[in-house]
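Notes follow once the structure below has been shown.
Rule-based calculations on the coordinates, nothing more; no lab input. All of these numbers come straight from a predicted model, not from anything done at the bench. Note: ideal-geometry Cβ built from the backbone for every residue, glycine included; neighbour counts use all protein chains shown.
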Amino acid sequence: MAIKCPECQNDNPTETLFCGNCATKLDAATELSLTLTLETATNELGRGSLFASRYEIIEELGHGMGKVYRVLDKKLNEEVARKLIKPEIASDRRTLEREPSCQARQIFPFPLPS
């Protein structure tokens, strides 16, 4: 069963907190669920490691609340950045709800390094 976004009408998975299309908070999402990504210890992820069945690690770009990786998205066949938040932070609902708005305020004028 999908959750329809009230803003853009996009269908989203039931466990999603925010719309995958426009990032609007979805009211029907009430419970957080751990994903396979969170169950993989980030200290085990090195070059060539695969997580969430689609992202292949190229390199670590930075860390803080978790780690940011430059990855190859096997489904889209393009390089993207993915942040893996530490499980102890990811389990804090308020922190997760603030994260998209914090990221939206950041402007990165440069593409990922090649």
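Before moving on, here are some points about what is shown:
- A cut-off under 14 angstrom between Cβ atoms defines the neighbours of Asn10, and their net charge, with Lys, Arg +1 and Asp, Glu -1, is 0.
- In Hz, Karplus ³J(HN,Hα) per residue of the stretch 7-22 (6.51, -1.76, 1.60; θ = phi - 60°; x = Gly, Pro): 8, 10, 6, 5, 7, 10, x, 4, 7, 7, 8, 10, 4, x, 9, 10
- 29 Å Cα-Cα reach of Lys4 towards lysines, excluding residues that sit fewer than 8 places from it in its own chain: Lys25, Lys74, Lys75, Lys83, Lys86
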